[in-house]
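The structure under discussion appears below in the form of structure tokens.
Values quoted throughout were computed directly from the atomic coordinates according to the rules given, and no laboratory measurement underlies them. Since the model is a prediction, treat every value here as computed from it, not as a measurement. When we count neighbours, we look across all protein chains shown, and the Cβ atoms used for this are built from the backbone with ideal geometry, even at glycine.
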Ligand SMILES: [Zn+2]
């Protein structure tokens, strides 16, 4: 089965090196590529971090990217300049969307100041991926990353394709309601595992309630054409992640969820 990893990070810095190690991996281009080849992952979509400088966003052939406005580079005082830089990225074929990090950044998605980014997304027909749900740092605020904030944004910008990253985990029922109501919202299932799981059978036994809940909500939604596989590399072990996803997604939807949806939504032309 051909797979697209619709959500990863490609960032050489100590924090990412450390979480890669905990996942049984190495945070290098070479190791990532080897792992992708070994597991049938033919392409990945990087969620950009750290800088908006175009020269800093050059990736190997097997990766595309969303230009990301994370808390280290989003600057409200220079919004006009930032919008201009984001537009330069969107003009590249390797840049397949915008990534926003509310929660880490203290704004509501639907605030007026964010409008120029949505207008750009519409102009270039590229999606806006949004971090939703739990955050990795305690300074972040969940009121901004709660999946419900995507509802108003999706209504205000009906011609923009949004991607709810991490399915708003653990605010699952709210996330599913937003997805059910708004057809211009898709979701990726990244970030639900971290590290290397030593014994997958034991893990599935221990987490059976949570896995059941995820599977039931996805089945309730029944919109597998808007659900994408993503690993949040280097956060989790890739082999574990594929096994975990196969537990959540009925086999008749694997082709869509593991490949076709990301190919279509991010316009990858694979
Ligand atoms: Zn991520």
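Considering only Cα atoms, the convex hull volume of region 182-235 works out to 86 Å³ per residue.
Based on alpha-carbon atoms, the Kirkwood radius and the radius of gyration of region 193-270 give Rg/Rh equal to 0.98.
A viscosity of 0.890 mPa s and a temperature of 25 °C, combined with the Kirkwood radius over C-alpha pairs in the Stokes-Einstein formula, give region 3-265 a diffusion coefficient of 133 µm²/s.
The Rg/Rh ratio for region 113-268 is 0.96, where Rg is the radius of gyration of the alpha carbons and Rh is the Kirkwood radius. Once you have a ≥ b ≥ c as the square roots of the Cα gyration tensor eigenvalues for region 92-153, tell me rounded if a/c is under 1.5, and otherwise prolate or oblate according to whether a/b is larger than b/c. Prolate, because a/c is 1.5 or more and a/b exceeds b/c. Taking the fewest neighbouring Cβ atoms within 10 Å as the starting point, the ordered list for 255, 55 is 55, 255.
The simple Förster model, with R0 at 51 Å and r as the Cβ-Cβ distance, assigns residue 246 and residue 77 a FRET efficiency of 0.65. Annotation for residue 112 and residue 219: the two label points, set 7 Å from Cα along the Cα-Cβ direction, are 4.7 nm apart.
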